[in-house]
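No lab work stands behind these numbers, since they all come straight from the coordinates. Remember, predicted model here, so these are calculated numbers, not experimental data. Cβ atoms come from the backbone with ideal geometry, glycine included; neighbour counts cover every protein chain shown.
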Amino acid sequence: MKKGFLIACSVFISAGLFAQSAKPKVLYSAANKTVKVYVTEKGTDKRLAPAGSLTFSDNPQPPETEFSVFVDPTQQFQTMLGIGGALTDAVAETFYKLPKDKQKELLAAYYDKKTGIGFSLARTNIQSCDFSSSSYSYIKEGDAALKTFDISHDKKYRIPFIKEATAAAGGKLTLFVSPWSPPAFMKDNNDVLHGGKLKPEFAQSWANFYVKFINEYQKAGVPIWGLSVQNEPMATQTWESCKFTAEEERDFVKNYLGPTLAKGGMAAKKLIVWDHNRDLLYQRASTILEDPAAAKYIWGIGFHWYETWTGAGQNFESTRLTHEAFPDKNLIFTEGCVEKFDFNRLNDWALGERYGLSMINDFNAGTVGWTDWNILLDEKGGPNHVGNFCFAPVHADTRNGSLIYTNSYYYMGHFSKFIQPGAKRIASVASRDKLLTTAYMNPDGKIAVVVMNRTDEKIEYSLWIKGKAAKTTSEPHSIATLVVE
C-alpha cells in the first residue's frame, strides 16, 4: 500500500514537472504566405534592397542533394531585447560637427523604423573612456563622499545627443551604462589609465557612484535601463581601465553594488556582469552565478568579440555553453568593432561579414541583445584620446561634412530593421554550412529569416517551412532577410 502510494506520487510529481517545462505548442502553416526578400550584395549597389517576392509550394520531403534553409516557427527560444550601438563622447562630438541636414540624416538612418534600420538598444560610458577627447571625472580628486558630483561635461554634447537619438527612435531607447574606471584616488595605481584595482576602502563609495550617475542622468531626462559592473575587467589598457577577478567582481556585486542599487530604489535596473570577451565568458559566469547571494542581483552576462586578437577566434561555443548552463540569466553582446582604422578600408566587404557572422551565431547561442560599439566616428576613426582608432558602421568626414556608410551598417540592418524587440527566436538551420541563418517571429506574427553567404559561390536554395518551400538564390558574399507574411 505504502509502496504503491509512493510510486503514484512519483508519477504525479514527474508529470507535473514535465508539464511545467514543456514549451507551449505554436501552430503554424506557410500556406497562402508570401516572402518578401531584401538583399545586400558585394559587387553591386544593392544595400537592404527589395529583391521581389517568393511563393510557397508543396515540398513535404526536400531532396538531400538540394540546399535548404529549414525554419520551424513551432520551436521558440529567447525573446529579442533589441539591437543597437554605443553613444559615446566621440559619437556625440562627431555628430555636432556635421551640418544640420547630415545630423538629421544620421538619426533617421539609425533610428527610424521605416526609412532607417530601427536601432532600439544603446550603451554609454560612465565618466571618460578611450572614445572621449580627454580623460575626465564627475568629482574632484579625493571626494569619496561624492559631494562635488557634476555631469556638466556630458551636458555639452553627449546628453543632448542621446536625447535626439531617443526622439528619433520614437521616444524610447533601451540604454545601459558602463564605467571604464573609478576616479584615480580610488585605485591602487592612482591612475584612471593602465588598469589597476579598486581599493577595498572605496568599494562603497564606488557603488554609490553608479547610483549617483543614474540619478543625475535621469534628472537630466535620460532614462537608464541597466548597467554593467566594469568594462573589460581583465584588461590593463593604455586608456581608462580597472581590473576585477571573477571573485572580486562577485563580491563587489554581492556586498556593495547590488545592495546599494536596491537601497537606492534601483533594484529594477538590469545589472550585467563580465562585459568582456567570449574566451573567459563561462569561467566568469560560473564563478559569479554559482553564488546565490551575488546571482540574485544579476540580470545577465555581457560579452565582447575581441578575443580574436589572442588567437582564440570568435568563440561562439563559449556563449552557447554559458546559456545552456545558466538559462535563467540573459546573454547580451555589449561591444564589438573592427579595430585598427584605415580610411582606405571603408569599402572592405569583410567589415560587414564580421558583423553578420557574430550576430547569427550569438543569437543562435541564446543572446537576447546585440550592441555595436560607436555608431559614428570621424574620418580618423576617432576622436580618441589615446590613439585607439577604430571602425564604425558610419563615418563622418568632417573635412567636407559627408557621411560614409560601410557595409557593416547594412549587415546590421538586416537584423535590426526586420527583427523587432519582443520577437521570439525560432528554429532555423541550413542543410549545408555554406549558408548561415537565424530566424525570429515578430510580435505581429511576421517571420524574419536572415541568410548569409560568405562564400564565392552562387547558391540556390529553398526556404522550407512545415512542408512548404520557396525557391530562391543566395549570391556570393551576400546577406538577405526573408520576411514571411
Q. Considering only the other residues whose Cβ falls under 9 Å of the Cβ of Q230, what net charge follows from Lys and Arg at +1 and Asp and Glu at -1?
A. -2
Q.
For the chain, what does the helix formula give at 222 nm: sum of -39500 (n - 2.57) over DSSP H segments with n ≥ 4, over the residue count, nearest 500 deg cm²/dmol?
A. -8000 deg cm²/dmol
Q) How much length, in nm to one decimal, is gained on full extension between T65 and K172, taken as 0.36 nm per residue of separation minus their Cα-Cα distance? A) 33.8 nm
Q: Using a 10 Å cut-off on Cβ atoms, rank the peptides 370-383, 343-356 from the highest mean neighbour count down.
A: 370-383, 343-356
Q.
Under 8 Å for C-alpha pairs, at least 6 residues apart: give me the relative contact order for the chain, rounded to a whole percent.
A. 22 percent
**Q.** Highest-first arrangement of 259-267, 229-237, where packing means the average Cβ count within 10 Å
**A.** 229-237, 259-267
Q) Ordered by residue, what ³J(HN,Hα) values in Hz, to whole numbers, does the range 178-192 give under the Karplus form 6.51 cos²θ - 1.76 cosθ + 1.60, where θ = phi - 60° and Gly and Pro are x? A) 9, x, 9, 6, x, x, 4, 5, 7, 10, 6, 9, 6, 8, 6
Q) Taking amide hydrogens as modeled 1.01 Å from N in the peptide plane, which residues meet the under 5 Å criterion relative to D130, leaving out close sequence neighbours? A) E240
**Q.** Rounded to 5, the percent of DSSP beta bridges in the chain classed as antiparallel
**A.** 55 percent
Q. Put a dot 7 Å past each Cα toward the Cβ at N347 and T238; how far apart are the dots in nm?
A. 3.1 nm
Q) Where does each of Y409, Y138 land when they are ranked from fewest to most other beta-carbon atoms within 10 angstrom? A) Y138, Y409
Q) Cα gyration tensor of the chain, axes a ≥ b ≥ c as square roots of the eigenvalues: rounded (a/c below 1.5), prolate (a/b > b/c) or oblate? A) oblate
Q) Among K329/K446; K113/K434; K97/K155, which pairs are too far apart, with a Cα-Cα distance over 25 Å? A) K329/K446; K113/K434
Q | By average C-beta atoms within 10 angstrom, highest first, the peptides 117-130, 95-108, 66-79 | A | 117-130, 66-79, 95-108
Q: Would you please give the residues with an amide H less than 5 Å from that of N277, counting only those at least 5 places away or on a separate chain, with H modeled from the backbone geometry?
A: H304
Q | aspartates and glutamates whose Cα lies under 16 Å from that of K33, excluding same-chain neighbours fewer than 8 positions away | A | D58, D72, D444, E485
